[in-house]
Amino acid sequence: MPTEFSFNFPLPNGLHARPASAFEEAARPFACEITFINDRTDAQASVKSVLGMVSTGTLPGDPCRIVFDGADEASAREELRRFVAEKLPHCDDPPLESIKVPGEISLPPCLRDAGAVLWKAKSAAPGIGIGRIVRLSDAIVPDDRGAGATVDAPQERECLLNALLALDRTYAERMKEITERVALGLLQAHRAMARDPALKAWLLAAISGRNCTATQAVLAAQDHFAGVFTASASTLLRERALDVRDVCRQLIRELKGSPPGPPVVLTRDSIVTAEGLTPSDLLGLDRRFLKGLALAKIGAASHTVILARSFGIPCVIDIADFPVARWEGQDAIVDGELGLLAVGLTADARRYYEMEQWRLNARHVRAQRLTALPGQTADGARLEIASNISRPDEAAPAIAAGAESIGLFRTEMLFMDRNEAPGEEEQYQAYSRALRDAGGRTVIIRTLDIGGDKPVAWLKLPAEQNPMLGSRGARLYPRIESLIRTQIRALLRASVNGQLRVMIPMIAGVAEARWVKRVFDEERARLVEQGTRLDSVPLGAMVEIPSAAFELNALCHELDFFSIGSNDLIHYFTATDRGTSTALDDPLAPAFLRLLKKIVDDSHAASRWIGLCGEMGGNVQCLPLLVGLGLDEISVPIASVAAIKDRLAPLMAAECRRLLTDALDCTTADEVRTLMQQREPRRPIPLFAEEFVVLDSRAATKAEAIKTLCDTLYVTGRTDSPRQIEDAIWKREAVYSTGFGYGCAIPHCKTGAVAANSLCILRSQEPIPWGDDGASASVIILLALRDNDEAAEHLKIISRLARLLMHETFRENLISVKTPAAMTAFLAEQIGLSASKNPASAVLNLEV
Amino acid sequence: MKIVAVTACPTGIAHTFMAAEQLEKTARRLGHQIKVETQGSMGVENELTQADIDAAGVAILACDITIEKMERFERVKKIEVSPQEAIKNPEGVIAKACS
């Protein structure tokens, strides 16, 4: 009897080729018919057809159903359910809207007056790229056989089938050469389209029904399927028509026996301009020389643009009527910041773009430096920021993203999506890879946590009425003992490849911990007996069942460390379940906070290390309370590491502890929330810091000096839109020049574009013409204050500074101090403030 | 001479205070008594009372925006200059006021 389940489509970009190919992959092993139904559009398609799935026009939030009919429908349903719940949400990039695309902004004066030819376009991928213009003509492969010729249908049929097989092989080959995640996902999606049974059936029917050649059939299929996308209500899905064209064009190349090569050979730094550019074309270009893309008819949400962004190639689109013949072979600049193509470059224009490249590089370098700093509060309390991973190859990207260690490596993924358990050697390789890639940092690997919401078909476990409260995690181990022994052996052997800790999931009490510990010790003894070299491996457990929290004293005798699994813990604690969200499972509920406090305090009383690896760790709102708890570590998704570190740095641990104490006295989660809104336990943001001083600047004009200062605010993280500050500064200059004589100028503005009130100083090598009256300045003090900011202390400092500027000795000192540090110390002393060193970034705090 | 002054500028964060400092410093050096009110982004500071103004021989209004409580200066001799002028040439402004 057919069975089904329903869900709301979760992905922000709708159902396009990449998620559809992931669906197809999940459905492929099953024999039954699996039909995807969109109840909003009333469209349906086989889950095994990527083109069909994408044609359903499914948008975020659409009510969808999947119906299963056939012999293995029950297991197919289980598998797809799990896929939708766990994997699907990670099948796509964040919504495109969240990627910064600069809006309409007036040209910065130094570029406006530089004399280059600026071709207006739209920014699609950020960055600045310089190279020679290379034109790529849109090489649609025409069918060289004229219409009306006699067609040998069986022969065309065979050609087509061979070409489809060859294309599948070509994709497989190219996927081997590529390591980037986005590109790999895209090739996988294109490959799934190429072997879509719906495409093959359509092509074969066209050959026999329309009396056409294989090539003509492919061109007709391209129009047909691309037409389906073009009719979609969603811009994003409309732009997916490009993927169909791409696949069809690759297929035609195979039919013609010419395997895809680069569309053009680049031999030096190049800016490639084209009407359209398919993802395959882009992948074919030599990226060593590809410095920028200027495209006419490619959408911002197309996979071509998504690829360019993932490779860091600056890209502008919508470039209309650009006379490429006039500029071909000459130097050009793709300006992905302002959305321009600059040609006819002058010395001033090159100088402007050198400044732009400095701005972008310096910010990148600074972000990387901050990413590498250890997790620490402003008052010096350590909180290790680790990352959760599910696959061994995620360890390296996690560390690169700033994770100090791997706080949770879930091993379930190794055991799912297959027909039998992975062998000891395969597991050994996987664990060793993660340990090696972590480069000496701790990796906490969790033993198998299956059952409950993570069924594994080949284990053939009996169905349970309530799997979340049934046989799952450690309580299942005695029934799958040989499997667990294999995993523990693989782990112990891998221990020599890095800093391994092993963690047991779903411990309800001491008995389970002892069972695992016994198996652990037995396997270790056996390996040692065999002469295998092992390192010591701490053994710990997740705290995710409330009873474990109340047996911690005993557990501390058995185990070396703990990590709180906040997701399961809150649901078991409040008798709620993961699927239905209620107000009850609020992590800010005082009762839950009290439970966390007890767990942390009991662990520390027994000198045990305690971390947290649930969703609560990645929730920036909860961070002050987690700091207040005094956890040793929190482990968060890779994508959250940088944001969490950023939020942690200005927090004051002492105030976080007081905040937690007060939160524990609240009666409801809403009270806690209100309390947290009222009290921000962070260090005040200083007005001025050493990194805001630019000495010996080569800025030669007022415009360059103002740009340098605004860019400095960008580089130091005070603003994301330096252009907006620049605009506001020039608006103020238009009232009357802020050069007040005596070799000084004080450009200033109030703007919402700056994150905090900021004071920035530039000293130029040569005097810069500044005033309307020909006065020049070599000390430029820029003030960017927030609109409506009530920071009266900052205003007081600035008024004091303004008064001091009227004194000659003060100005002479500004001109003569030798280093940014000396400048900072001098200002701190003169404005009568005490300098306090920030341990993280040596920021001088000019708070009174 | 007893001088009172008010300084004010468009954003109220720099020129208001530079002009005030310049007038105070220069007037004292030249042997005058001076009290300067600033109308900046922190609001009115060192506010002039009616008695201050009535006792003064002259009022210098170094402002390029409309200031608050202008009516206080109805009965006193006053000169109006821009804050920039007060910053660049305070001696000239004071000489003009005292003439």
Where does chain B land at 222 nm, in deg cm²/dmol rounded to the nearest 500, when only DSSP H runs of n ≥ 4 count, each adding -39500 (n - 2.57), divided by all residues?
-10500 deg cm²/dmol
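For the range A:600-674, just say rounded, prolate or oblate: build the C-alpha gyration tensor, square-root its eigenvalues into a ≥ b ≥ c, call rounded for a/c under 1.5, and beyond that prolate if a/b exceeds b/c, oblate if not.
Working: a/c = 1.61, a/b = 1.09, b/c = 1.47.
Here the range A:600-674 falls in the oblate category.
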Using θ = phi - 60° and the Karplus curve 6.51 cos²θ - 1.76 cosθ + 1.60, what whole-Hz ³J(HN,Hα) does each residue of the range A:393-400 get, with Gly and Pro shown as x?
6, 8, 4, 5, x, 5, 5, 5
Taking the alpha-carbon centroid of each part, what is the distance from the range A:1-54 to the range A:668-688 in angstrom?
45
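Please report the relative contact order for the range B:18-99, taking Cα pairs under 8 Å with a sequence separation of at least 6, and give it as a percent rounded to a whole number. Don't skip to the answer; put the middle values down first.
Values: 93 pairs, mean separation 25.7, N = 82.
Relative contact order comes out at 31 percent.
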Filtered pair list for the range A:707-826 (Lys only, Cα < 22 Å, 8 or more apart or interchain) has a length of 4
Return the Rg/Rh value of the range A:242-366, two decimal places, where both radii are evaluated on C-alpha atoms and Rh is the Kirkwood radius.
1.00
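Quote the Stokes-Einstein diffusion coefficient, in whole µm² s⁻¹, for chain B, based on the Kirkwood radius over alpha carbon pairs, a temperature of 20 °C and a viscosity of 1.002 mPa s.
Numbers: Rh = 12.9 Å.
My calculation gives 166 µm²/s for D.
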In deg cm²/dmol, rounded to the nearest 500, the helical mean residue ellipticity at 222 nm of chain A, built from -39500 (n - 2.57) for every DSSP H run of length 4 or more, is -13000 deg cm²/dmol
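As an exercise, identify the GluC sites (Glu not before Pro) in the range B:4-99 lying in DSSP coil whose Cβ has no more than 15 other Cβ atoms within 10 Å.
On the way: sites: B:E21, B:E24, B:E37, B:E45, B:E47, B:E68, B:E71, B:E74, B:E80, B:E85, B:E91; in loops: B:E47, B:E68, B:E74.
Sparse-neighbourhood loop GluC sites (Glu not before Pro): B:E47, B:E68, B:E74.
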Listed residues B:C63, A:G617, A:I319: farthest to the positive end of the dipole of the protein assembly as shown (Cβ charges):
B:C63
Under a plain spin-label model, where a point goes 7 Å from the Cα along Cα-to-Cβ, how far apart in nm are B:L30 and A:E671?
6.6
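Looking at the square roots a ≥ b ≥ c of the eigenvalues of the Cα gyration tensor of chain A, which shape do they give, rounded for a/c under 1.5, prolate if a/b is larger than b/c, or oblate?
Values: a/c = 2.19, a/b = 1.12, b/c = 1.96.
The shape class here is oblate.
Can you classify the range A:168-253 as rounded, prolate or oblate using the Cα gyration tensor, where a ≥ b ≥ c are the square roots of its eigenvalues, rounded means a/c under 1.5, and otherwise it's prolate if a/b beats b/c and oblate if not?
Working: a/c = 2.59, a/b = 1.31, b/c = 1.98.
Verdict is oblate for the range A:168-253.
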Of all the stretches in chain A, which is the longest one without any exposed loop site, taking GluC sites (Glu not before Pro) in a DSSP loop (any state but H, G, I, E, B) with at most 14 other Cβ atoms within 10 Å?
A:465-789
Any idea which of B:P90, B:I13, B:N46 is furthest toward the positive side of the dipole for chain B, if Lys and Arg beta-carbons carry +1 and Asp and Glu beta-carbons -1?
B:P90
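Of all beta bridges DSSP finds with both residues in the protein assembly as shown, what is the antiparallel percent, to the nearest 5?
Working: 49 of 115 bridges.
Percentage antiparallel, nearest 5: 45.
No value in this document is a laboratory result; all are computed from the given coordinates. The structure displayed is predicted, hence computed values, not measured ones. We place every Cβ from the backbone using ideal geometry, glycine too, and count neighbours over all the protein chains shown.
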